[in-house]
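What follows is calculated from the coordinates using simple rules that are stated; it is not laboratory data. For clarity, every value in this text was computed on a predicted model and none was experimentally measured.
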Amino acid sequence: MEIVLLLFSALLTTVVALECEFCSSSTGNTCSGHYEICQSSDSRCRVTLTETTLGNIRSAVLEKSCGSVYNCTHPPSLTTNGYQVRVSTVCCDTDHCNIGTVNLSPVNDTLNGESCPSCFARDSDQCEMQTVVNCTGEEHKIYHHNGWLRF
C-alpha cells in the first residue's frame with residue numbers, strides 16, 4: 001500500500017517550468033524586456049555581460065535569458081592576437097530572478113602552462129596560424145571559427 005501511495009503522489013507532482021526575463025542591450029549595463037518560459041534543458045535564469053575587444057575598440061553586450069547549469073558554470077573566454085572576448089554570468093533558479101546587472105570578473109592573466117596557435121585576420125577570410133598565444137586562467141581548449149565580426 002505504501003508503494004502505491006508514493007507512486008501516486010509522484011504522478012501528481014507537476015513540473016513547473018522556470019520563467020525568465022529576456023532582453024539585451026549594447027548601450028548600457030541594464031535592460032528590461034519580456035518574460036518567457038524556459039525550455040526543459042534550461043534550469044537557470046541568467047544575466048550575461050560579454051565584452052569584446054578588437055585592438056583598442058571595446059564593446060559590451062548585456063543579455064538576460066534562460067540557460068543551462070553548464071552555461072552558468074563555464075563562462076567562455078577567447079584570446080588571440082589583437083582580439084579578446086570575456087564573459088561574466090550570474091545565474092539563479094527562481095522565476096523572474098534575473099534582475100539587475102553583472103560586472104566583468106577581473107582579468108585572470110596567470111599563465112596556465114598551455115599555448116595555442118593563434119590567428120586573427122581583419123578584413124580577410126584567410127589567416128595562417130603563425131602566432132602562439134599563451135593561455136591564461138581557465139583557457140584550456142582550442143577554438144576554431146571562421147566568420148565575420150561586426151562592431
Geometric extent, Cα atoms of segment 17-136 - Rg, Dmax (angstrom): 16.7, 48
Need the full-extension length gain, residue 122 to residue 54, defined as separation in residues times 0.36 nm minus the C-alpha distance. One decimal, nm. 23.5 nm
Could you tell me the center-to-center distance, by alpha carbons, between segment 16-48 and segment 62-119 in angstrom? 16
